[in-house]
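Student: Once you've had a glance at the structure underneath, I'll fire off some questions.
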């Protein structure tokens with residue numbers, strides 16, 4: 001499955017110092033997932049004692065990363 005990052009996601013990753021590997025780790029082995037609005041999903045993962053939330057959706061064979069944020073900041 002291909003992965004695509006929205007411009008919004010790229011901008012948030014840069015501002016919040018979130019790497020693609022952080023995103024991939026959260027998506028590959030999330031600690032928790034939940035359904036979000038607009039047919040989106042949220043994946044949560046603890047990485048180095050910090051909780052990351054990645055919002056994404058599936059479009060055919062594409063996983064689109066909408067945004068990412070460190071929770072609790």
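Readers should treat all values here as calculations from the given coordinates under stated rules, not as data from a laboratory. What you see is a predicted model; the values in this text were computed from it and never measured. Quick reminder, even Gly has a Cβ in these numbers, built from the backbone with ideal geometry, and neighbours come from all protein chains shown.
Student: Take the conditions part of a strand (DSSP E or B) and either loosely packed, with under 14 Cβ neighbours inside 10 Å or without any contact (Cβ under 8 Å) to a residue 40 or more places away in the chain (or both) and apply them to residue 3. Does it pass?
Tutor: Judged against the criteria, residue 3 is a match.
Student: Based on this model, can you work out whether residue 43 counts as surrounded by 14 or more Cβ atoms within 10 Å (Cβ to Cβ) and in contact (Cβ under 8 Å) with a residue 40 or more places away in the chain? I'd like the intermediate steps shown before the answer.
Tutor: Numbers: surrounded by 14 or more Cβ atoms within 10 Å (Cβ to Cβ): yes; in contact (Cβ under 8 Å) with a residue 40 or more places away in the chain: no.
No; evaluated as a whole, the condition is false for this residue.
Student: Sort out which residues of segment 46-73 are farther than 19 Å from residue 1 by Cβ and surrounded by fewer than 16 Cβ atoms within 10 Å (Cβ to Cβ), and write them in order of number.
Tutor: Hits for segment 46-73 are 46, 47, 48, 49, 50, 70, 71, 72, 73.
Student: Is it the case that segment 24-38 has a residue that's surrounded by 12 or more Cβ atoms within 10 Å (Cβ to Cβ) and touching a helix residue (DSSP H, G or I) at 6+ places or on another chain (Cβ under 7 Å)?
Tutor: no
Student: Can you tell me which residue within segment 7-24, out of those that are part of a helix (DSSP H, G or I) and in contact (Cβ under 8 Å) with a residue 24 or more places away in the chain, is farthest from residue 51 (Cα to Cα)? If you could, list the steps in order and put the result at the bottom.
Tutor: Going through segment 7-24, the residues part of a helix (DSSP H, G or I) turn out to be 7-16, 20-24.
If we keep only those that are in contact (Cβ under 8 Å) with a residue 24 or more places away in the chain too, we end up with 8-9, 12-13, 16, 22-23.
Working: 8: 20, 9: 17, 12: 15, 13: 14, 16: 13, 22: 11, 23: 11 Å.
Looking at residues that are part of a helix (DSSP H, G or I) and in contact (Cβ under 8 Å) with a residue 24 or more places away in the chain, I get 8.
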